[in-house]
Amino acid sequence: MTADRTAGTPGQGDPALGDFPAHAPDTRRWCFADQLGAHFLDAPDQPVLLVESRAVFRRRRFHRQKAHLLLSALRHRAAELGDQAVFLQTDTYAEALDQVREPLSVCAPTTWPARDFVLRRPGVEVLAARGFVTDQTRFGNWIAHRRGRLLMDDFYRDARRLHDVLMDGAEPVGGKWNLDHDNRQPPPADGRSPVPPPVLPVEDEIDEQVRADLDRWVADGDVAFVGDDGPRLFPVTAAEAEVRLQDFLDHRLREFGPIEDAMLAEEPWLAHSMLSATTNLGLLDPREIVHRAEQAWRDSVAEGDPLPLNSVEGFVRQVMGWRDWIWHLYWQLGREYRHGNALDAQEEVPAWMAELDAEAVDANCLSHVLADVRDRGWVHHIPRLMVLGNYALQRGIRPLAMTDWMHRVFVDAYDWVMVANVVGLSLHADGGVLATKPYAAGGAYIDRMSDYCGGCRYDPRKRVGEDACPFTAGYWAFLDGNRERLAPNLRMRQPLAGLGRLKDLDAVVEQERLRGTDAP
């Protein structure tokens with residue numbers, strides 16, 4: 001896909017992509033529940049409007065811990081601001097705004113429906129979006145001059161130059177832009193994380209009230225949730241967010257890079273930052289996160305004990321590279337992008353997956369990942385992509401259905417987070433706009449990058465029989481079922497050629513046809 005096929009640059013076409021003003025310090029600032037940090041205000045004492053809409057939780061069956069996190073963060077922010085904020089708890093946003101008799105300003109929301117709503121609302125001035133490193137106008141100008149493929153690495157390099165991050169003059173520190181080749185190690189052989197567990201927040205009376213309200217809503221039959229309740233695991237205040245960030249910089253960043261793609265059944269956190277939910281609530285400014293990570297590296301170099309550059313660069317790339325990239329593509333690829341289905345996947349999300357029924361699944365990898373999602377509402381990017389996404393890709397689950405499911409069950413997921421990540425990256429449903437080939441892999445990948453396969457009833461080396469790994473067999477069945485669609489892709493020539501060497505291909509395809517999306 002070339003740049004001229006994307007939605008227009010800001011200011012062209014869709015008004016939701018318009019060039020919005022940057023500041024409105026003299027109005028009350030309406031902050032959505034993902035705009036809770038101080039960087040969404042123009043002055044420390046600016047009056048604020050916060051709205052808790054109960055209808056939001058009726059629209060979708062969210063993970064219970066996601067609902068708790070959002071409500072707790074919103075109510076904690078209201079308590080912090082005190083008389084500076086008007087906090088309205090209503091059924092809908094419209095009902096709340098009808099009670100406000102003064103002009104409002106709002107930073108452009110993060111989803112198409114929310115932007116449409118604020119743009120239609122009289123008396124609300126819409127400002128430029130915040131909460132990302134590169135703003136929408138700069139990205140629009142950047143993409144307008146692109147020719148050929150849209151490549152995240154190109155954007156990331158230009159963003160590093162623009163914001164002077166990990167730069168040595170005009171060149172990247174260390175001489176290389178991307179050190180991802182150093183960050184693909186399997187998990188520690190002893191099955192243990194090399195870093196201490198993260199510092200977890202302590203619940204308070206606001207959390208207690210949130211839990212009671214959610215219980216009451218469920219009892220009233222007003223809303224329903226999926227996943228287990230549990231102690232809150234992610235920050236909901238700026239103070240808690242600062243603790244989480246500093247804990248990562250002090251104790252986890254050094255080990256982060258090499259094992260960022262690894263998976264361990266009993267160590268779900270490994271060395272990950274667990275900052276995604278916090279940043280997506282707006283509690284941390286990603287520009288500050290990047291600055292702090294770079295400063296930690298420069299300080300460590302000056303002290304003679306340098307943090308590994310591959311860990312620091314890998315983390316910076318996550319925050320100002322991939323996160324920004326996914327955000328900008330959400331707008332630039334337009335409203336219809338979510339409906340892409342280039343591989344004609346028509347299966348629904350199976351009930352065992354939808355209900356996070358880990359006990360119904362024999363495959364250790366799927367069972368462990370589903371249990372982690374059920375218990376925490378979070379797993380890192382590789383279980384999402386190479387276990388859940390890989391399964392959905394192989395089994396032909398509808399991209400729109402999978403996007404909705406992931407949006408609902410992950411505490412850090414929003415529409416803008418999931419559309420490109422699922423439609424483009426996980427399911428290759430955009431035909432190759434985001435990824436140069438499908439992220440399909442057999443059991444060998446999972447075996448190499450995790451400890452899931454040990455003791456599993458399925459053998460990652462087998463593709464036929466009762467102990468055939470559903471990922472290994474599913475990989476070959478996927479290639480066979482999509483060989484015509486994938487044939488023009490040069491990167492798929494070698495995998496597709498492998499089909500001709502399988503003497504048992506017919507048996508594999510029939511076996512997987514019968515298996516379908518039954519719990520493996």
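Observations on the structure shown:
- The alpha-carbon positions of region 455-517 define a convex hull whose volume is 93 Å³ per residue.
- 0 to 90° range, to nearest 10: angle between helix 364-376 axis and the chain longest Cα axis: 10 degrees
- Stretching the chain fully between residue 84 and residue 215 yields a gain of 44.2 nm (0.36 nm per residue, less the alpha carbon separation).
- Rounded to the nearest 10 degrees, the angle from helix 64-81 to the longest Cα principal axis of the chain is 20 degrees.
- C-alpha center-to-center spacing [region 456-511, region 244-261] in angstrom: 37 Å
- Extension gain from residue 251 to residue 462, taking 0.36 nm per residue of separation minus the Cα-Cα distance: 72.0 nm
- Considering only the chain, percent of DSSP beta bridges that pair antiparallel, nearest 5: 10 percent
- Estimated 222 nm signal from helices in the chain, with DSSP H stretches of n ≥ 4 weighted -39500 (n - 2.57), rounded to 500: -11500 deg cm²/dmol
- Other residues within the sphere of radius under 15 Å centred on the Cβ of residue 121, judged by their own Cβ, net out at 0 (K and R +1, D and E -1).
- Using a Förster distance of 22 Å, the FRET efficiency for residue 204-residue 54 (Cβ separation, nearest 0.05): 0.50
- Highest mean packing comes first when the peptides 447-458, 489-500, 414-425 are listed by Cβ atoms within 10 Å, giving 414-425, 447-458, 489-500.
- Under a model in which nothing but the beta-carbon of Lys, Arg (+1) and Asp, Glu (-1) is charged, the chain shows a dipole of about 1840 debye around its Cα centre.
- Highest mean packing first, where packing is the average number of other Cβ atoms within 10 Å per residue, the peptides 243-250, 127-134 line up as 127-134, 243-250.
- Quotient of Cα Rg and 2.2 N^0.38 Å for the chain, N being how many residues it contains: 0.98
- The three principal axes of the Cα atoms in region 133-239 give end-to-end lengths of 58, 44, 29 Å, sorted in falling order.
- Rg over Rh, two decimals, region 280-376 (C-alpha only, Kirkwood Rh): 1.14
- Global form of region 293-343, assessed from the alpha-carbon gyration tensor, a/c cut-off 1.5: prolate
- Other-chain or far-sequence residues with amide H under 5 Å of residue 52's (modelled H): 88, 89, 90
- C-alpha center-to-center spacing [region 404-418, region 171-191] in angstrom: 28 Å
- Cα lying deepest toward the dipole's positive end in the chain, options 329, 118, 477, charges on Cβ: 477
- Two numbers describe the Cα atoms of region 292-437: Rg and Dmax, which are 17.5, 56 Å.
- Sequentially through region 443-451, phi angles give Karplus couplings (6.51, -1.76, 1.60; θ = phi - 60°) of x, 4, 5, 5, 5, 6, 9, 8, 10 Hz, Gly and Pro residues having no value and appearing as x.
- Charge dipole (the chain, unit charges on Cβ, about Cα centre) - positive-most of 367, 440, 169: 440
- Helix 238-251 and the longest principal axis of the Cα set of the chain meet at an angle near 40°.
- In region 390-429, the ratio of gyration radius to Kirkwood radius, Rg to Rh, stands at 0.94 when only Cα atoms are counted.
- At q = 0.13, 0.22 Å⁻¹, base-10 log of I(q)/I(0) for region 168-310 (Debye sum, equal scatterers on each alpha carbon): -0.73, -1.45
- By the equivalent-ellipsoid construction on the alpha carbon gyration tensor, region 18-134 comes out with semi-axes of 21, 16, 15 Å, ordered largest to smallest.
- Between region 266-283 and region 338-378, the Cα center-to-center distance that results, in Å: 21 Å
- Taking all Cα pairs closer than 8 Å and separated by 6 or more residues, the relative contact order of region 32-88 comes to 53 percent.
- Rounded to whole Hz, the Karplus (6.51, -1.76, 1.60) HN-Hα couplings of region 95-105, x for glycine and proline: 4, 5, 5, 5, 8, 9, 10, 10, x, 10, 10
- In plain terms, the C-alpha convex hull of region 371-454 casts an average shadow of 5.6 nm² when viewed from every direction.
- J(HN,Hα) series, region 337-351, from Karplus relation 6.51 cos²θ - 1.76 cosθ + 1.60, nearest Hz, glycine and proline x: 4, 4, 8, x, 8, 4, 9, 6, 7, 10, 6, 7, 4, x, 4
- For the chain, the relative contact order is 16 percent, taking Cα pairs closer than 8 Å that sit 6 or more residues apart in sequence and dividing their mean separation by the residue count.
Values in this text are rule-based calculations from the coordinates and carry no lab data. What you are looking at is a predicted structure, and each value in this text was computed from that prediction instead of being measured. No Cβ is skipped: glycine too gets one built from the backbone with ideal geometry, and neighbour counts run over all protein chains shown.
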